[in-house]
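Right, one structure below, let's go through it.
Just so you know, all these numbers are worked out from the coordinates, no wet-lab data involved. This one's a predicted model, so the numbers in the text were calculated from it and none came from an experiment. Reconstructed Cβ throughout: ideal geometry from the backbone, glycine too, with neighbour counts over all protein chains shown.
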């Protein structure tokens, strides 16, 4: 399938960034992946927390986008802890603020509420990277 | 302490009504007969226990008590009330009961009890001490039992309904996310990303508009302020005072919610591109009210760039939105003032 990457008006803000995307829905994952690629990012997608923890031993990530609920009572909590330990900034991408409110608060990262647009997601990530000093404004 | 005093006075008045002040004479004499009849006929289950005997046994139980528990008179007299407990009786409520008896306190507690045939019922138990009016000596404990199983069932149903509503809301959001991603990916494939982004914006607005109605588990119509807030919050970009909202509570039907959500989305999108929301200091004031079965919603932008001509690309009030509104017998008036767009939505509040 040939998919067109739209050239963003705002340029390649995420050029050179290696981004971990943890998302258990493959359709949403592909969309997020391509949206980040639009801005020049190099994306590694993981379907489960186990995959993500494994990927973190093989890649050096600059930042991450984590879905919170990962099916079968799995969450991104362990991955969030590991990212924090390694000083890697990340944002959460979740449609489940009501049920997972406590966990989200505990993790304490910016949240993009699903369903979201490409722009909302990328803007939130870029803002967070700027705020944490990982990207210059 | 206050509650204990209350009981002393209650038992005092009971004593005063009888011919003699002695507790054993309580159920004798003319008043005693009336009292006994009342006890026999009331639907409130009542029993008295004697804390001065070993293991605080029941010394009196009325007909309602026997009806509720399924036991015969002889089976309950002389027994401690604990025969009403069973395997699923909550230990915490039992501890409350034990403490109230130990400290001679009044207690109202819901406890799961068992009938003679083993069936369960939720018992709203009201217990407390009865003192001798003269000496202040502890004579009895009274216990009144009320079967509140139906109340419990209703509460459990409500809880279930809330859980279900949250689950549905989550699944709906997830579906909206997947739909959005498919639309977006299709846009990439067909080289029409701009078109599909527009479609997705509208789909998200619909999802947000209906989000509260779906998750609140309330059967009634959704209040407009919840819908306005849900649809516009993505455009507030973190600062809360971008939108100033004023309006009364108006319940909207499902189809009205969809249209209000879409109109607000179009107005906000337009304001983000050309209007108040494109400037740091920009504000939008929303006023709404109900008039003759119509929702009137005024949208007023300020603090944005000066407007000297009607934006050509403006999607509001043109094309599909105006057609949609027309089909709902509504209209959207647009006034492109220099200081900012003023729009007025008018549509029937359908029931």
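Here is how the number arises for the protein assembly as shown: DSSP H runs of 4 or more residues each give -39500 (n - 2.57), the sum is divided by the residue count, and the result at 222 nm is -14000 deg cm²/dmol.
Judged by the mean number of other Cβ atoms found within 10 Å, the most tightly packed of the peptides B:86-98, B:68-80 leads the ranking B:68-80, B:86-98.
Along the Cα-to-Cβ line of residue A:123, 7 Å from the Cα, sits a label point; which residues in region B:280-307 have backbone N less than 15 Å from it? Of the residues in region B:280-307, B:280-283 have backbone N under 15 Å from the label point off residue A:123.
Expressed in nm to one decimal, what extension gain is obtained for the pair residue B:104 and residue B:323 from 0.36 nm per residue of sequence separation less their Cα-Cα distance? Mind showing how you got there, number by number?
On the way: separation 219, 0.36 × 219 = 78.84 nm, distance 7.36 nm.
Value of the extension gain: 71.5 nm.
Take the Cα of residue B:154, step 7 Å toward its Cβ, do the same at residue B:82, and the gap between the two points is 3.4 nm. By definition, a body whose alpha carbon gyration tensor gives a ≥ b ≥ c is prolate when a/c is 1.5 or more and a/b is larger than b/c, and the protein assembly as shown fits this prolate description.
Take every pair of alpha-carbon atoms less than 8 Å apart whose residues are at least six positions apart; their mean separation over the length of region A:5-78 yields a relative contact order of 37 percent. Per residue of B:171-181, other chain Cβ atoms within 10 Å of the residue Cβ number 6 on average.
Just to check, using Stokes-Einstein with a Kirkwood Rh over alpha carbon pairs, what's the diffusion coefficient of region A:8-108 at 25 °C and 0.890 mPa s in µm²/s? Before the final figure, lay out each step's value.
Details: Rh = 13.8 Å.
Stokes-Einstein gives a translational diffusion coefficient of 178 µm²/s.
Hey, what did region B:58-152 get for relative contact order, percent, Cα under 8 Å, at least 6 apart? Please report the intermediate quantities before stating the final value.
Values: 139 pairs, mean separation 20.3, N = 95.
That works out to 21 percent.
For region B:121-170, the alpha carbon positions stretch 64, 18, 10 Å along the principal axes, listed from largest to smallest. What is the average number of partner chain Cβ atoms found within 10 Å of a Cβ in A:18-27? Rounded to a whole number, the mean comes out at 2.
Length, then width, then depth: along the principal axes, the Cα atoms of region B:245-324 run 36, 28, 18 Å. For the pair residue A:42 and residue A:18, the difference between a 0.36 nm per residue extended length and the Cα-Cα distance amounts to 8.2 nm. Panel note: the C-alpha atoms of region B:132-216, placed on their principal axes, show extents of 94, 20, 15 Å (largest first).
Note on residue A:58/residue A:132: beta-carbon distance plugged into 1/(1 + (r/R0)^6) with R0 of 22 Å gives a FRET efficiency of 0.40.
What number in nm² do you get for region B:33-170 if you take the convex hull of its Cα atoms and divide its surface by four? Quarter of the Cα hull surface area: 10.6 nm².
Over the C-alpha atoms of region B:83-161, the Rg to Rh ratio, Rh being the Kirkwood estimate, stands at 1.07.
Between residue B:248 and residue B:53, the contour length at 0.36 nm per residue exceeds the Cα-Cα span by 63.8 nm.
Going by average Cβ density within 10 Å per residue, which order do the peptides A:29-40, B:280-291 take, highest to lowest? Don't skip to the answer; put the middle values down first.
Numbers: A:29-40: 21.1, B:280-291: 15.8.
Order by mean packing, descending: A:29-40, B:280-291.
Can you give the translational diffusion coefficient of region A:53-137 in µm²/s, computed by Stokes-Einstein from the Kirkwood radius over Cα pairs at 4 °C and 1.567 mPa s? Before the final figure, lay out the partial values.
Numbers: Rh = 13.4 Å.
The Stokes-Einstein estimate is 97 µm²/s.
Look at the alpha carbon pairs under 8 Å that are at least 6 residues apart: their mean separation over the length of region A:55-137 gives a relative contact order of 26 percent.
Shielding by partners for peptide A:108-115, expressed as the average number of C-beta atoms from other protein chains within 10 Å of each residue's C-beta, is 4.
Compute and list, largest first, the equivalent-ellipsoid semi-axes of region B:47-96 from the alpha carbon gyration tensor, each √(5λ) rounded to a whole angstrom.
Numbers: eigenvalues 71, 48, 15 Å².
Ellipsoid half-lengths, sorted descending, are 19, 15, 9 Å.
Which shape class, rounded, prolate or oblate, goes with region B:148-301 when its Cα gyration tensor gives a ≥ b ≥ c as root eigenvalues, a/c under 1.5 marks rounded, and past that a/b bigger than b/c marks prolate? In terms of gyration-tensor shape, oblate.
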